[in-house]
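Okay, so here's the structure we're looking at.
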Amino acid sequence: MSPESQRKFELLNLLAESYDALLFDVDGTLADNMDAHKQSYKAAAQQYGVELDVNLIDETAGWPTVAVAEEISKRYGVDFDYQEFSTLKSTIFRDEYVFKTKPVDYVVEHLKYQKGKKHIAAVSGGTRTTLSMTLTTIGVWDDLETLVCAGDTAEGKPSPQPFLLAAAQLNIAPERCLVYEDGSQELKVRKPQEWVGFALMKFNKSRFADYKKSRSKLQAYCGFFIALCYLKTSNYFHSPVAIVQIG
């Protein structure tokens, strides 16, 4: 790892100390593959006569592919079968990109370092088939205790349901889980009534060298976005879940 990646690796380990379970997003967090996904969406959209602005993919980061297809259809006023679009996009990604996927080194090394110390899950809006290929390619498939993906919950990200399911499968209370995401769009919820007390803090990314092991210094200089989200659901009320934004 580069010196910067090494510092980020050490900081993630410090942030994880207070938690029992680590819930990782995949695309853009463990896997350095967001450009590949954008190009796959763009190629699929072209077959429906749509010249896709790939910024839409940033806006819908983490959504199930079918939901992104629906959003594309609505924005561009083109009628097509969302499931067929989703299948086409996934096929393009698997055929042309998935086996070229590289890991986000400091996040993957952090996951491997924490194996056996913490419970570990992946939570993604992707399909199980594509995710299993991605996770195998970057070498972490065997390190996971569970995987929550598209179709496993009634609502996908950014709903809290996938995170709550992962916590339940690990038999860990949500407030004991640390969630890792790559994009701020993940933290923008479509049903804000499910999230209470949402707060987001942005820290100076240029001051990695100044961090200390004390909690106050770590939070002042860690260089990550840290969000504290309080979930309001039928099973958990005001359960805090900490989210680290990778970037």
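Any read-out appearing in this document is the output of simple, stated calculations on the displayed coordinates, not a laboratory observation. From a predicted model like this one, the values you see are computed outputs, not experimental measurements. Here the Cβ is made from the backbone with ideal geometry for all residues, glycine too, and neighbour counts use every protein chain on show.
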Charge tally for neighbours of Arg176 with beta carbon under 13 Å away, counting Lys, Arg as +1 and Asp, Glu as -1, is -2
Stretched fully, the stretch from Ala168 through Arg94 gains (0.36 nm per residue minus C-alpha distance, one decimal, in nm) 23.6 nm
The long-range amide H neighbours of Val179, using H built 1.01 Å from N in the peptide plane and a cut-off of under 5 Å, are Leu23, Ala242, Ile243, Val244
Once Gln47 and Trp141 are pulled to full extension, the length gained, defined as 0.36 nm per residue separation minus their Cα-Cα distance, is 30.6 nm
With label points set 7 Å from each Cα along the Cα-to-Cβ direction at Glu175 and Glu59, the distance between them in nm comes to 3.7
Once Asp35 and Gln83 are pulled to full extension, the length gained, defined as 0.36 nm per residue separation minus their Cα-Cα distance, is 15.1 nm
When Ile92, Ile72 are arranged by how many other beta-carbons sit within 10 Å of their Cβ, fewest first, they go Ile92, Ile72
Flagged as over-length at 20 Å C-alpha distance, from Lys118/Lys157; Lys74/Lys100; Lys8/Lys118; Lys8/Lys112, the pairs are Lys118/Lys157; Lys74/Lys100
